[in-house]
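To keep things clear, I will list the structure first and then write my remarks on it.
Values quoted throughout were computed directly from the atomic coordinates according to the rules given, and no laboratory measurement underlies them. As the structure is a computational prediction, the values presented were derived from the model and not from experiment. With ideal geometry, Cβ positions are generated from the backbone for all residues, glycine too; neighbour counts draw on all protein chains shown.
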Amino acid sequence: MQCRCGAATKGRSSVVNKLEAELSYQECDPCGRVHIEHLKVRGQIVARGRQASEIFNGDLERFLSTPQQAGFAF
């Protein structure tokens, strides 16, 4: 993926092993921009973009313990 500054971004991820959660994002080393892709829990995508970042950086355990609506095709 290419950043708005023109440099190439690198795919990275942050993981919380005990919750089986992984936040995937693209990061641009030259300018520092970050583009959040998605949040996966137990292999399933549960959120994308800003919402994924807010959940991952917020109270992830409480989010996972709350029943979520099903049937969304991400």
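Put +1 on the Cβ of every Lys and Arg and -1 on every Asp and Glu Cβ in the chain; which of ALA8, ASN57, GLN44 then has its Cα farthest towards the positive end of the dipole?
Of the candidates, ALA8 comes out farthest on the positive side.
Distance from a point 7 Å along Cα→Cβ of GLU54 to each backbone N in segment 16-30: keep the residues under 18 Å and list them by number.
Answer for this model: 23-24.
Which one, (1) 41, 26, 18; (2) 37, 27, 21; (3) 33, 27, 22, gives Cα extents along the principal axes in Å as derived from the coordinates shown?
This structure yields the entry labelled (1).
Counting Lys and Arg as +1 and Asp and Glu as -1, each charge on the Cβ, what is the dipole of segment 10-65 about the Cα centre in debye, to the nearest 20?
Dipole about the Cα centre, nearest 20: 100 debye.
Could you tell me the relative contact order of the chain? Use alpha-carbon pairs under 8 Å, at least six residues apart, and round to a whole percent.
Value for the chain: 19 percent.
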